[in-house]
Amino acid sequence: MIDSMENSPEGVVGLIASGTVLKHDVTEAMRLVGSADRMMVVVAPRFDGYMAELIGGLRQSCEDGQAGRCALVVPEDMRSEASMQGEGGAFRIFTAQAEAESWLAA
């Protein structure tokens with residue numbers, strides 16, 4: 001499930017991923033929020049979805065121009081799984097929300 005994040009930084013569309021998330025869930029969430037210059041998705045500790053599906057959907061959204069920059073914030077214990085999916089271009093993976101916010105603001 002993907003929900004809107006309360007208190008996301010100004011100018012950043014913030015989403016929270018929890019439970020099971022598939023690529024089409026990301027596509028649907030992006031359709032609902034529309035285009036965004038900056039997007040941050042925070043993976044909740046109760047995330048039990050498919051990291052490859054989540055990242056695939058986010059990367060596709062960035063490549064399709066729905067977001068200028070996409071930051072994914074994952075818990076430290078999920079970093080290696082997320083990193084296996086790769087970063088690049090306008091998509092980055094972080095373990096600290098403050099670092100993601102700084103990168104998005106740059």
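Data overview
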{"read-out": "Residues of segment 6-38 satisfying the condition of being closer than 15 Å to ARG69 by Cβ and either of a type in the set (Phe, Trp, Tyr) or surrounded by 13 or more Cβ atoms within 10 Å (Cβ to Cβ) (or both)", "value": "SER8, PRO9, VAL12, VAL13, GLY14, LEU15, MET30, VAL33, SER35, ALA36, ARG38"}
{"read-out": "Residues satisfying the stated conditions in segment 27-43, i.e. at pLDDT 85 or above and closer than 23 Å to SER83 by Cβ", "value": "ALA29, ARG38, MET39, MET40, VAL41, VAL42, VAL43"}
{"read-out": "Hits in segment 72-106 - residues which are open to solvent by less than 80 Å² (accessible area, probe 1.4 Å) and touching a Ser or Thr at 6+ places or on another chain (Cβ under 8 Å)", "value": "VAL73, VAL74, PRO75, ARG79, ILE93"}
{"read-out": "Count - residues of segment 44-70 that are among the hydrophobic types (A, V, I, L, M, F, W, C), under 16 Å from ILE16 (Cβ atoms) and surrounded by fewer than 22 Cβ atoms within 10 Å (Cβ to Cβ)", "value": "3"}
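The values are calculated or read from the model by the stated rules, or taken from the named source; none is laboratory data. Note that the structure is a prediction, hence the values are computed from the model and not measured. Cβ sites come from the backbone with ideal geometry, for glycine too, and all protein chains shown count toward neighbours. Side chains are part of the model used for accessible areas, which takes the heavy atoms of the whole protein and leaves out ligands, DNA and RNA. Shrake-Rupley method; radii C 1.70, N 1.55, O 1.52, S 1.80 Å.
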